[in-house]
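Heads up, the thing below is written out as structure tokens.
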Amino acid sequence: MRTRELAELFREEIVTLRRALHQVPEYDLDLPKTQQLVLDALEGLPLEITLGKELSSVTAVLRGGGGPGPVVLLRGDMDALPVTERTDVPFASLHPGMMHACGHDLHVAGLVGAAKVLCALRDELPGDVVFMFQPGEETTGGAPIMIREGVLDAAGRRADAAYGLHVGASSQPLGMWSSRPGSFMAAADQLSVRVVGAGTHGSTPYRGKDPIPVLCEIVTALQTMVTRQFDVFDPVVLTVGRIAGGTKENIIPDDAFFDATVRTFSEVARAKVQEASIELVEGLAAAHGLQVEAEYRVGYPVTVNDEAEFNFARDTIVDVFGPDRFRERPNPRCGAEDFSYILQEVPGVYLNLSACASPDPDAAADNHSPLANFDDSVLPDAAALLAELAVRRLAR
């Protein structure tokens, strides 16, 4: 329980850091101001620090006083979103059009807090801890880049376990932890389709090849496909979020386009939907005598929590915070997360922590909203749990 007591001592520091980070949100892989704030916060701690080459990452290694032993990796993502903030907090974004609307500023501050706690306990640690401060979760996928640059082996040997957390602005009461074993978050892929026809006057469609009704038929057929070709207990979510075609109401265009996001919860369903969607798109276009260009782009994989590590994390939360502070989610979440790449390489668990600032979580603005409001009073708990997971896992 000393981790909670130590984390509480650092409350003011990490809350101040979180609010400083919130004011300077940065996007994608290049986060120079964020990186400098992290480095300033870690200054003076007994850490071996390495900076990323392809991105503004920070990797810090704490050597335990007990000599070489297991290695635990703790991760916090750092990037913001292209969202114009509409909250009334006094530390709102100073970067126009950018906002920490997904709570990554809390992730960074919580991980810094965990580093401070574990440095205070350094002499008792029978192994090493790697602190992974990662850009690009919302966009390019900073995790696989950091893996290529050696984050999993930063301590000189492969990490034995990895832990991360994500805060939420809605849905759960403040301070509630949640997760589940197995598939926890979806894989996120993209389907892009261009139907190629032949333009003509809208009054004489028979003189051309109209791509728009064919495109509409494809969109509808894809929705039927996911309900008829896939097991309802291993579902697929396919949403067309962008559709475009034409310039004027009386002109049939040469082509029409759509982009869709495809979410799956197993590699079996993921492979099947990739093949089936392309087959359907090409078949329907051919049935109407039109050409089609279809591209299926693979994105983040399914986030899979190791069952043993999930049980360990759940038991730790219940022990440290009490049974009323944890809820096991019955179903996976449709969001995607590039921590999935870490969990493909190292057993671990990804956790959610509610930082909902509203007394009515169901009515609160969700992550990614310009009104998303996170209560940073949960930061000592975030720091304490990450530190406690490391302490207990190293001693196992």
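The values are calculated or read from the model by the stated rules, or taken from the named source; none is laboratory data. Quick caveat, the model's predicted, so the values are computed rather than measured. Cβ atoms come from the backbone with ideal geometry, glycine included; neighbour counts cover every protein chain shown. Only protein heavy atoms, including side chains, enter the accessible area calculation; ligands, DNA and RNA are left aside. Shrake-Rupley method; radii C 1.70, N 1.55, O 1.52, S 1.80 Å.
Table for the structure above
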read-out: Length added when fully stretched, Arg327-His201, from 0.36 nm per residue minus Cα-Cα; value: 39.4 nm
read-out: Principal axes of the stretch 246-396: Cα extent on each, largest first, Å; value: 65, 36, 22
read-out: Approximate spin-label separation Lys53-Leu371, in nm, with each point projected 7 Å along Cα-to-Cβ; value: 4.7
read-out: Reduced Cα scattering model of the stretch 129-209, Debye log10 I(q)/I(0), q = 0.18, 0.22, 0.26 Å⁻¹; value: -1.04, -1.24, -1.29
read-out: Computed FRET value (nearest 0.05) for Arg242 with Gln344, which takes r as the C-beta separation and R₀ as 41 Å; value: 0.90
read-out: Set of aspartates and glutamates near Lys272 by C-alpha distance (under 17 Å), chain-local residues within fewer than 8 positions excluded; value: Asp189, Asp231, Asp234, Glu282, Glu295
read-out: Rounded percent of accessible protein surface that carbon and sulfur make up, the chain, 1.4 Å probe; value: 51
read-out: Helix 307-321 axis, angle to the chain major axis (alpha carbon atoms, nearest 10°); value: 50
read-out: Theoretical FRET efficiency, 1/(1+(r/R0)^6), r = Cβ-Cβ of Arg297 and Glu124, R0 56 Å, to 0.05; value: 0.75
read-out: √(5λ) per eigenvalue of the Cα gyration tensor, the stretch 85-244, largest first, Å; value: 46, 22, 18
read-out: The chain: radius of gyration over Cα atoms, expressed as a fraction of 2.2 N^0.38 Å; value: 1.10
read-out: Residue-wise HN-Hα coupling along the stretch 61-66, computed from phi with Karplus coefficients 6.51, -1.76, 1.60 (Hz; x: Gly, Pro); value: 10, 9, 8, x, x, x
read-out: Three principal axis lengths of the stretch 273-354 [C-alpha, angstrom, descending]; value: 65, 26, 19
read-out: Binned Cα-Cα distances of the stretch 1-139, short to long, each 10 Å bin given as a whole percent; value: 12, 42, 31, 12, 2
read-out: Per-pair calculated FRET efficiency, R0 = 35 Å: Ser171 and Glu279 via Cβ, rounded to 0.05; value: 0.40
read-out: Where the chain is the region considered: accessible area per residue in Å², 1.4 Å probe; value: 42
read-out: Loop sites in the stretch 162-269: chymotrypsin sites (Phe, Trp or Tyr not before Pro), DSSP, at most 15 other Cβ within 10 Å; value: Phe233
read-out: Check: the chain dipole with +1 on Lys, Arg Cβ and -1 on Asp, Glu Cβ, in debye; value: 260
